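The values are calculated or read from the model by the stated rules, or taken from the named source; none is laboratory data. On a predicted model such as this, the values are computed, not experimentally measured, just so you know. Cβ placement follows ideal geometry from the backbone for every residue including glycine, while neighbour counts extend to all protein chains displayed. We work out accessible area using only protein heavy atoms, side chains counted, and drop any ligands, DNA or RNA first. Shrake-Rupley method; radii C 1.70, N 1.55, O 1.52, S 1.80 Å.
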Amino acid sequence: MIGAIAGDIIGSVYEFDPAKTKDFQPLFHPRAHFTDDTVLTVAVADSLLHDRDPVAAFKDWGHRYPDCGWGGTFAYWLFSDRTEPYGSFGNGAAMRISPVGLVAGSLDRAHALSDRFTRITHDHPEGLKGAAATVTAILLCRKGKSTLTCEEIRCLIEVGYGYDLSRSVAQIRPGYGFDETCQGTVPEAITCALEASDFEDAVRNAVSLGGDADTLGAITGGIAEARFGVPRVIAEEVRKRLPQDMQEIMEALYERAGTACPWQTST
Ligand SMILES: [Mg+2]
């Protein structure tokens, strides 16, 4: 979860000003800030923690933070009386789902929860698939710490979801542009996480592609956290940029998952 939020914050200043390099400096730009990806990630966590109706949780958090770069159609859903889904396959389905990957004990449970949070807005098959592929990658990377290689995880996701994960980050980068769909973001984000050497390297991969940098960063960061953990120094930079209500939800969700929030650890 904190990995996704770190990716959102780090990528936030490059959404409309593509970096197209991994060597952007500093890692946390002075204007780096949380965006809609973070607000909805916290909303998912809040719903999981307190058994809140997902629609009510999303609308509550949206109204707390109304100026966070919400997409047009989603903003209409969020700030109107509408509660029905609208057939979206936008990458918003995947950027908010990492808390499920943190607490779900099995792939079956992760998929059920992923669908529960996704279908309230992104009920297009590609939207449901994008979120499910993301939580699958998170769980396989968690498990993969001891049993699966990256190549095995890549194969499982290609077979399970029909994504093409054959290209490297360097091969994707030159032709990649702004794309807000799941199918144009999730495979690239998974590649960024699986190809990386550590957490920071994964987020640098994501931002280097250009495009929807904060959301690429969020999806990649959630998966990279499962592979590598989030270094204390990065977690601390995240904490400094989050309001108290978000910090409390974050700490509570890690406690629920049976682990310390990375800004509360010693390394
Ligand atoms: Mg955003």
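Which of the three applies to segment 75-205, rounded, prolate or oblate, going by the alpha-carbon gyration tensor with a ≥ b ≥ c and a/c under 1.5 meaning rounded? Walk me through the numbers on the way to the answer.
On the way: a/c = 2.03, a/b = 1.35, b/c = 1.51.
Judged from the Cα gyration tensor, segment 75-205 comes out oblate (a/c at least 1.5, b/c at or above a/b).
How large a share of the accessible area of segment 2-264, in percent, is made up of carbon and sulfur atoms when the probe is 1.4 Å and the other protein chains stay in place? Working shown, then result.
Working: 5130 of 10210 Å².
Exposed carbon and sulfur together represent 50 percent of the surface.
In 5 Å bins starting at zero, report the fraction of Cα pairs in the chain per bin as a rounded %.
Percent of Cα pairs in each bin: 1, 7, 15, 21, 22, 18, 12, 5, 1, 0.
Going from most exposed to least, what order do 33, 124 have by accessible area with a 1.4 Å probe?
From most exposed to least exposed: 33, 124.
Under unit Cβ charges (Lys, Arg +1; Asp, Glu -1), what dipole magnitude, rounded to 20 debye, does segment 2-264 have relative to its Cα centre?
400
Quick check on the chain: helices-only [θ] at 222 nm, where DSSP H runs of length 4 and up contribute -39,500 (n - 2.57) each and the sum goes over total residues. Nearest 500, please. Working shown, then result.
Numbers: 15 runs with 160 residues, N = 267.
Result for the chain, helices only: -18000 deg cm²/dmol.
Give me the aspartates and glutamates in straight-line cross-link reach of residue 240: C-alpha distance below 16 Å, same-chain residues under 8 apart excluded.
Hits, sequence-local ones excluded: 8, 248, 251.
In whole percent, what relative contact order does segment 164-267 give with Cα contacts below 8 Å and a gap of six or more residues?
This gives 23 percent for segment 164-267.
Quick query: amide H of residue 179 versus all other amide H atoms, modeled in the peptide plane; which residues come in under 5 Å with a sequence gap of 5 or more or a different chain?
212
Top mean-square fluctuation among 236, 180, 188, Gaussian network model of the chain, C-alpha springs under 10 Å?
236
With the cut-off at 1.5 for a/c, could you classify segment 151-203 from its C-alpha gyration tensor as rounded, prolate or oblate?
Oblate.
Pop a pseudo-label 7 angstrom from the Cα along the beta-carbon direction at both residue 256 and residue 150 and give the gap in nm to one decimal.
3.1
Could you go through segment 56-68 in sequence order and give the Karplus-derived ³J(HN,Hα) for each residue, using 6.51 cos²θ - 1.76 cosθ + 1.60 with θ = phi - 60°, rounded to whole Hz, and x for Gly and Pro?
After applying 6.51 cos²θ - 1.76 cosθ + 1.60, I find 5, 5, 4, 5, 4, 5, x, 6, 5, 10, x, 10, 10 Hz.
Can you list the HN-Hα couplings for segment 222-233, worked out from phi with the Karplus curve (6.51, -1.76, 1.60; θ = phi - 60°), rounded to whole Hz and with x for Gly and Pro?
Rounded to whole hertz, the list is x, 6, 5, 4, 5, 6, 10, x, 10, x, 3, 5.
If you add up the charges near residue 21, with Lys and Arg at +1 and Asp and Glu at -1, over every other residue whose beta carbon is less than 11 angstrom from its beta carbon, what do you get?
Net of charged neighbours comes to +3.
Any idea how many Lys pairs in segment 1-155 come in under 27 angstrom at the alpha carbon, given 8 or more places apart or on separate chains?
Lysine pairs meeting the criterion: 4.
Which residue fluctuates the most in the chain, going by a Gaussian network model with Cα springs under 10 Å, if the choices are 202, 132, 19?
19
Looking at the chain as a GNM with Cα springs under 10 Å, which of 93, 57, 226 has the largest mean-square fluctuation?
57
Starting from the Cα-Cα distance between residue 168 and residue 143, subtract it from 0.36 nm times their residue separation and give me the gain in nm to one decimal.
Working it through step by step, the gained length comes to 6.7 nm.
Segment 184-201 to segment 1-80: how many Å between their Cα centroids?
The distance from the Cα centre of segment 184-201 to that of segment 1-80 comes to 19 Å.
Across segment 241-252, in residue order, what do the Karplus-derived ³J(HN,Hα) couplings come to in whole Hz, using 6.51 cos²θ - 1.76 cosθ + 1.60 with θ = phi - 60° and x for Gly and Pro?
Karplus-based 3J(HN,Hα) across segment 241-252 equals 9, 10, x, 4, 5, 6, 4, 5, 5, 4, 4, 5 Hz.
Can you give me the long-range amide H partners of residue 90? Hydrogens built in the peptide plane at 1.01 Å from N, cutoff under 5 Å, separation of 5 or more residues or another chain.
Result for residue 90 returns 182.
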